[in-house]
Amino acid sequence: MARDRGGVFGAATVVDGYENLDLDQIEFAPVETAGERLPLLPLHEAHDLLHWLRLVAAERGDHALEAGRWAKEIAARVPSQE
């Protein structure tokens, strides 16, 4: 079973019939592999982003649900500030 990341599960647990999906058997569309990888966020910037997303989620506006989802995703990947 996929790891629970703040209420978000992997796609294989959400869609029935994909539990044993073999990615080596799927033909994916070609993509450019020479592209530049985006730089990683420094830890203090990740904490700033997490704080901002939590503020947006608390406002209950148009983007609150999406901001809350992203806040949970980032919080699961970033060490706490303590």
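The values are calculated or read from the model by the stated rules, or taken from the named source; none is laboratory data. Small disclaimer: the values here were computed from a predicted structure and weren't measured. Cβ atoms come from the backbone with ideal geometry, glycine included; neighbour counts cover every protein chain shown. Quick note on the areas: whole protein, heavy atoms, side chains included, nothing else; ligands and nucleic acids left out. Shrake-Rupley method; radii C 1.70, N 1.55, O 1.52, S 1.80 Å.
Placing a pseudo-label 7 Å from each Cα along the Cα-to-Cβ vector at residue 81 and residue 48 gives an inter-label distance of 1.2 nm. Net length available on complete extension from residue 58 to residue 28 is 7.0 nm, with 0.36 nm assigned per residue and the Cα-Cα distance removed. Residues 63, 47, ordered by accessible area of protein heavy atoms at a 1.4 angstrom probe radius and largest first, appear as 63, 47. Shown in residue order for the stretch 58-67 are the 3J(HN,Hα) couplings computed by the Karplus curve 6.51 cos²θ - 1.76 cosθ + 1.60 at θ = phi - 60°: 6, 6, 6, x, 4, 10, 4, 5, 5, 5 Hz (x for Gly and Pro).
In the complete set of protein chains, residue-level accessible area for residue 45 is approximately 80 Å², probe 1.4 angstrom.
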